[in-house]
Amino acid sequence: MTATTDSARSSLEALRTEIAKAVVGQDSAVTGLVVALLCRGHVLLEGVPGVAKTLLVRALAASLELDTKRVQFTPDLMPTDVTGSLVYDARTAEFSFQDGPVFTNLLLADEINRTPPKTQSSLLEAMEERQVTVDGTPRRLPEPFLVAATMNPVEYEGTYPLPEAQLDRFLLKLTVPLPSREDEIGVLTRHAAGFDPRDLHAAGIRPVAGPRDLEAARKAVEETTVSPEITAYVVDICRATRDSPSLTLGVSPRGATALLATARAWAWLTGRDYVTPDDVKALALPTLRHRVQLRPEAEMEGVTADSVISAILTRVPVPR
């Protein structure tokens with residue numbers, strides 16, 4: 001491993017410390033966001049209101065010196081409100097394109113399931129092709145580009161379920177839990193001392209990594225060795241979901257590719273240039289939980305996607 005690679009890893013590891021100045025006790029979500037950036041993927045953040053999902057994304061952007069924009073998804077949001085549109089200029093008597101908020105490095109799609117499918121789908125091209133097409137003209141998005149979409153798991157009134165095709169476009173689905181008692185005391189202590197979540201600069205957050213570090217890290221991840229046994233292990237896990245009696249929909253080959261990619265990124269972040277079965281297990285839940293669909297009767301019995309995948313991980317033979 002080169003000095004450049006080691007420097008990039010150190011910079012990305014420093015993100016946790018920097019983000020912790022604003023967000024308490026969400027290390028796994030921070031790690032997931034970094035893994036997504038390394039894999040050029042997108043993230044679905046699920047958690048009840050008030051657990052700092054928005055603050056987490058803003059703190060990540062500030063720590064990485066990336067541009068970030070936020071879109072509040074509502075029932076009346078139009079696709080052009082996300083992608084941008086042609087605007088008539090009376091002075092020149094011509095139409096010019098006005099960028100939408102999707103033209104950024106880190107797009108926070110807040111409460112994505114509160115907008116109709118037509119507007120949800122406006123993100124599909126951006127997420128998959130890294131471009132948007134307006135009036136027949138494709139327009140490239142900045143690099144890096146990541147969509148961090150939040151979902152509220154408890155309120156179903158006025159929400160539109162994300163179609164399977166769109167869920168499959170998200171590399172990871174991260175759950176943002178309620179903080180522990182100690183972490184919640186830490187949050188209140190900071191607020192009592194004058195912490196303002198709207199002013200990250202005052203909180204002391206500074207850029208500790210940048211696009212160059214990210215690019216060097218991505219190249220290093222692509223060179224991380226994957227043995228044929230590990231590839232077969234990933235395939236066996238994903239195929240086992242298709243045979244599960246608790247599921248109507250198993251993991252697609254795209255999901256298997258995603259699991260291999262996230263395991264490589266995690267292996268590199270932890271200081272290795274090869275992937276182990278433990279790397280696959282560590283990323284299996286966040287990579288696969290949104291790519292499977294439970295049978296109604298299993299759901300009524302209290303079975304969850306996580307429990308099904310966890311059971312499969314204990315059952316599939318681990319390569320030695």
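The values are calculated or read from the model by the stated rules, or taken from the named source; none is laboratory data. No experiment lies behind these values; they were computed from the predicted model shown. Cβ atoms come from the backbone with ideal geometry, glycine included; neighbour counts cover every protein chain shown. The protein model used for the area step is the full one, side chains on, heavy atoms only, and it has no ligands, DNA or RNA in it. Shrake-Rupley method; radii C 1.70, N 1.55, O 1.52, S 1.80 Å.
Structure data summary
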read-out	value
Accessible area per residue in Å² at 1.4 Å probe, computed on the stretch 215-320	49
Residues in the stretch 178-216 that a label on V48 would reach, taking backbone N under 18 Å of a point 7 Å out along Cα→Cβ	178-188
Relative contact order [Cα under 8 Å, 6+ residues apart], the stretch 185-276, whole percent	28
Prolate/oblate/rounded call for the stretch 86-158, Cα gyration tensor, a/c under 1.5 rounded	prolate
Over the stretch 163-231, equivalent-ellipsoid semi-axes from the Cα gyration tensor in Å	35, 21, 14
Three-way shape label, the stretch 107-250, alpha-carbon gyration tensor, a/c 1.5	rounded
Pairwise FRET efficiency - R254 versus T225, Cβ, R0 = 25 Å, nearest 0.05	0.65
Rounded Å value of the spacing that divides the Cα centres of the stretch 82-130 and the stretch 267-317	34
Burial ranking of peptide ranges 252-263, 131-142 (average Cβ count within 10 Å, highest at the top)	252-263, 131-142
Packing-based order for 222-229, 292-299, using average beta carbon neighbours within 10 Å, highest first	292-299, 222-229
Added length on full extension, which subtracts the Cα-Cα distance from 0.36 nm per residue, E182 to E129	14.8 nm
Accessible area per residue in Å² at 1.4 Å probe, computed on the stretch 9-82	36
Gain in span if fully extended, D273 to D243, counting 0.36 nm per residue against the direct Cα distance	7.5 nm
Tensor-based shape of the stretch 244-320 (alpha-carbon gyration tensor, a/c under 1.5 rounded, otherwise prolate or oblate)	prolate
